[in-house]
1. Of G384, G353, G329, which residue is modelled with pLDDT of 75 or more, of a type in the set (G, A, S), farther than 24 Å from R501 by Cα and in contact with a Phe, Trp or Tyr (Cβ under 7 Å, 6 or more places away or on another chain)?
2. Anything in the stretch 248-267 that is assigned to a loop (DSSP other than H, G, I, E, B), aliphatic (A, V, I, L, M) and at pLDDT 65 or above? List them, or say none.
3. Read through the list (1) more than 29 Å from G116 (Cα to Cα); (2) in a loop (DSSP other than H, G, I, E, B); (3) in contact (Cβ under 8 Å) with a residue 12 or more places away in the chain, then give the number of the only condition that D37 fails.
4. How do the pairs read when you match residues in the stretch 367-382 that are more than 12 Å from F400 (Cα to Cα) and without any contact (Cβ under 8 Å) to a residue 60 or more places away in the chain with residues anywhere that are surrounded by fewer than 23 Cβ atoms within 10 Å (Cβ to Cβ) and not aliphatic (A, V, I, L, M), using Cβ under 7 Å and keeping only pairs 6 or more apart or on different chains?
5. Which of the residues belonging to the stretch 202-228 are buried (at least 16 other Cβ atoms within 10 Å of the Cβ), among the β-branched types (V, I, T) and in contact (Cβ under 8 Å) with a residue 40 or more places away in the chain?
6. Whether any residue in the stretch 1-23 is in the same structural domain as M96 (by TED's automatic domain parsing), under 24 Å from A205 (Cβ atoms), in contact (Cβ under 8 Å) with a residue 40 or more places away in the chain and not small (G, A, S) is what I want to check.
7. Quick check, is S439 out of contact with any strand residue (DSSP E or B) (no Cβ under 8 Å at 6 or more places or on another chain), within 23 Å of V482 (Cβ to Cβ), among the polar types (S, T, N, Q) and modelled with pLDDT under 80?
8. Hey, among the residues in the stretch 478-498 that are surrounded by fewer than 17 Cβ atoms within 10 Å (Cβ to Cβ) and under 28 Å from the mean Cα position of the chain (by Cα), which one's nearest to G350 (Cα to Cα)?
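The values are calculated or read from the model by the stated rules, or taken from the named source; none is laboratory data. A quick note: this is a predicted structure, and the numbers were derived from the prediction, not measured. Backbone-built Cβ (ideal geometry, glycine too); neighbour counts: all protein chains shown.
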Amino acid sequence: MLGALRGEPRHTVRMAAGVVVLIAAVAAGCWALVTLDEATPEVFAAVAVMGGAAITLGFGLAPVVTGSPDPLDPRRFGVVGIAPRPLAAVLVLAGMVSVPVWAVLALAVTTAVVWGSLGVPVWAGLVSVLLIVLTSVLLARVAMAVTAMFLRERRSRELSSVLAVGVLVVVVPVVVFLASLEWQGSVPAQLMAAVRVLSLTPFGAAWALPGAILTGQSVALTAAVSVATPLTLGAAWLALVTRVLSTTERPVSVKERGGLGWFNVAPGTPTGAVAARSLVYWLRDPRHIVNVVVIPVAAAILIVPLLLAGVPAHLVAIVPVPIIALFLGWLPHNDLAYDSTAVWMHIASGLHGVADRVGRLVPVVLLGVPLLAIGIPVAVSLHGRWMVLPAMVGVCASLFLCGLGLSSIASVVGPYPVSRPGDSPFQQPQRTGASGALSQSFVMLGTIVLSAPVLWWAWHALGGDLDAAEHALWGGLGIGVVVLAVGIAIGGGVFRRRGSRIMEFAEAS
């Protein structure tokens, strides 16, 4: 613990500040729990289970996202000659001596005290605290071991960024959902359903055990899950320690750990190579960056005329997100032209057309999925009726996936000149034909036409038709996936057959 504070002054200050923030957060959490000592068991169970499950899940996600080195890595003790079983037990005990574990211990004890004031037996609270701490420590041990074994060689800033965005995709919709609920002195039915599900998961069972004993609901199942979780994690931890101590790892050269960026993260396949190359361009080329920035601006501009035309605000709130989904799917319709003459690498290497088509879509997918995952619940929350959420998901999925599928065809069938690498993104070359307009119209109008059934169902869902909302969800997902798969297959075949013409276009444009 003291070693974590050693090093450069900047590192010491950063670690010390993190500890102070964690202590402040734990103190605020404990105080918030104490203020609920007069709440109903249902309200306190909702807070304890939702918050506790998130904390326990954090012990499993933190090692993967941060990639911090484990000072208690079993491989460090391989030269000592300790047997796997005692080493695993000692490392678990040593893992309890850490600030995060003490933080969860303080929250668990506070939760048990409040449960006691609500009528839960003392022994139930103590058992819950023990199970919570064991589950958190073992989950962290297993996550760190797995991270060290499988992700350490490919750990990079890019991978950490992707994982952090993945966590954000999960956290933001949940926060928006909770903030939009109307409590009115009781727990909303939607939240109680989520609490019941979490109570039977490995992350929330230990936190829900006192409440289950108090109310008598699903006591046996909750207790079984809460006890089986640390036992299973303990067995997994012992197996990982045994494997680490009995396996000689392949040495990793310095070159393999070099600064390859996205190429170090992507799989070593043709699709992965194209995806890594596309990610580099999308994140550094001003032409791509400008196209991405324009999309939310264009969607926001549409709000003003709708409001001036008298469209109700709750309907206007859900318009921008489908527009963003439409433009995101339309975005790669001319991605091949942005390669300029560098496209010769794809053609000369005999790259399979499907690998080229799929790899080029990866940057748009990594951009679009988090943006839509965050934007959809925010829009539905502003709309005020969560029953339209399935319809919104279906509409956005159909527009996004259908656009990607049609773009996979348009970019190889009708590419048109764009500004050359290094030129201003606002400098457009002169075009002698109408191929650009045809390509853009084909993707935009084709996406709307293919998504028309989903839009129709979504319109009825806005009127209160629950069946239409469900039809929009599954119909949008189904239509989108089919169009995407067909578009990639057709685009891949055309890419192989039109290789020479694509090269001629790259040389002439």
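1. Numbers: G384 fails: in contact with a Phe, Trp or Tyr (Cβ under 7 Å, 6 or more places away or on another chain); G353 fails: farther than 24 Å from R501 by Cα.
Being modelled with pLDDT of 75 or more, of a type in the set (G, A, S), farther than 24 Å from R501 by Cα and in contact with a Phe, Trp or Tyr (Cβ under 7 Å, 6 or more places away or on another chain) holds for just one of G384, G353, G329, which is G329.
2. If we filter the stretch 248-267 for residues that are assigned to a loop (DSSP other than H, G, I, E, B), which is where we start, we get 248-261, 266-267.
In the following step, the residues that additionally are aliphatic (A, V, I, L, M) were identified as 252, 254, 260, 266.
Passing the criteria: L260, A266.
3. (1)
4. From residues that are more than 12 Å from F400 (Cα to Cα) and without any contact (Cβ under 8 Å) to a residue 60 or more places away in the chain, there are no pairs.
5. I213, V227
6. no
7. Values: out of contact with any strand residue (DSSP E or B) (no Cβ under 8 Å at 6 or more places or on another chain): yes; within 23 Å of V482 (Cβ to Cβ): yes; among the polar types (S, T, N, Q): yes; modelled with pLDDT under 80: yes.
When the stated conditions are applied, S439 passes them.
8. The initial filter retains those residues of the stretch 478-498 that are surrounded by fewer than 17 Cβ atoms within 10 Å (Cβ to Cβ), namely 478, 481-482, 485-486, 489, 493, 496-497.
Filter once more, so that each one left must be under 28 Å from the mean Cα position of the chain (by Cα): 478, 481-482, 485-486, 489.
On the way: G478: 32, V481: 27, V482: 27, A485: 22, V486: 22, A489: 17 Å.
So the residue we want is A489.
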